[in-house]
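Below is one structure, written out as structure tokens, with a few remarks after it.
The values are calculated or read from the model by the stated rules, or taken from the named source; none is laboratory data. Here the structure is a predicted model, which means the values were calculated and not measured. Note that we place each Cβ from the backbone using ideal geometry, even for glycine, and neighbour counts take in every protein chain shown. In case anyone asks, the SASA skips ligands and DNA or RNA and just uses the protein heavy atoms, side chains included. Shrake-Rupley method; radii C 1.70, N 1.55, O 1.52, S 1.80 Å.
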Amino acid sequence: MAAQENSSPKYRRIADALKRAIAEGEFRPGDRLPGENELMDRHGVARMTARQALGVLTSEGLAEARKGAGVFVRAFRPIRRRGVPRLAREQWGEGRSVWSADVPGRDLVVDEVTVDEEPATESVAEQLGLAPGDPVIVRRRRFVLDGKPVLLSVSFLPAVLVAGSAIVQPDTGPGGVYARLAELGAGPARFREEVRSRMPAPEEARRLHLPAGTPVVLISRTASAADGRTVEVNEMILDSSAYVLEYDFDA
């Protein structure tokens, strides 16, 4: 093991030492880590090596760089996304947003909201039971928590179903899209989610303010009415360093 450690690049050994110090409580959430000059003096390395070491911690989500102030241990207050109860009818049926279940007592803001009518792509059309090119209402949103973007969301709904309703407005009202679908006689009775991960596209990284090397979690959800028809397709991109995905259900 010692030989393996000695063969590691210097920046990686420095990064590992900093991670151990964080794990052992030497540096706590919010504490400033040693800067480049201090790491250069302490380890006898060049500035680029010290910079790479700190870059490892930021790319792994353990630390965050603050312009002009240094690199600080990240205070991880995860968004606990409870996949089952957040979508229960008791949530949106009583006028609460499904997103509010994830962050009780925290400042969640929805920005960059756009609502457009567009022709359905082949994939979206297949999921919604439409023909490619049929009109769909597309709702795009970004979710910002405590001043940090954490999620991008795009919803697709059949235009023939929701045209003229509050769903085509930026603010859909209490309970959100699902409450409005229920008013149209198409309330969700069943949800299905698929979860995977990948590295973000450049535009996704920009909009989510992601440090280099941070992957994203993709969740694709379909909502079906009681008669079996799919009434919404929702594609979400989550900052993986901000979320814990929790699924709690009876055996």
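For the reader, a short list of remarks on this structure follows.
- Per-region count, region 128-138, residues out of contact with any Phe, Trp or Tyr (no Cβ under 8 Å at 6 or more places or on another chain) and surrounded by 14 or more Cβ atoms within 10 Å (Cβ to Cβ): 3
- Residue, most open to solvent (accessible area, probe 1.4 Å), within region 198-217, restricted to residues that are in contact with a Ser or Thr (Cβ under 7 Å, 6 or more places away or on another chain) and under 23 Å from A101 (Cα atoms): V217
- Remark: pairs (first residue in region 181-205, in contact (Cβ under 8 Å) with a residue 24 or more places away in the chain and aromatic (F, W, Y); second residue surrounded by 17 or more Cβ atoms within 10 Å (Cβ to Cβ) and in a helix (DSSP H, G or I); Cβ separation under 6 Å; 6+ apart in sequence or on different chains) = F191/L87.
- Test: residue in region 118-126 that is among the small types (G, A, S), at positive phi and at pLDDT 95 or above: no
- Scope region 139-152; condition modelled with pLDDT of 95 or more and open to solvent by 50 Å² or more (accessible area, probe 1.4 Å); matching residues: R140
- Only one of G95, G61 that is in contact with a Pro (Cβ under 7 Å, 6 or more places away or on another chain), in a loop (DSSP other than H, G, I, E, B) and open to solvent by less than 60 Å² (accessible area, probe 1.4 Å): G95
- Of all residues in region 153-164, those being crowded, with 17+ Cβ neighbours inside 10 Å and out of contact with any Phe, Trp or Tyr (no Cβ under 8 Å at 6 or more places or on another chain) number 7.
- Residue check for A166: in contact with a Gly (Cβ under 7 Å, 6 or more places away or on another chain), over 25 Å from T222 (Cβ atoms) and free of Cβ contacts under 8 Å to residues at least 60 places away in the same chain: no
- Index of the failed condition, E24 passing every other in (1) without any contact (Cβ under 8 Å) to a residue 40 or more places away in the chain; (2) loosely packed, with under 14 Cβ neighbours inside 10 Å; (3) closer than 30 Å to V154 by Cα: (3)
- Any hit, region 72-80, residues being closer than 30 Å to V168 by Cβ and open to solvent by less than 90 Å² (accessible area, probe 1.4 Å): yes
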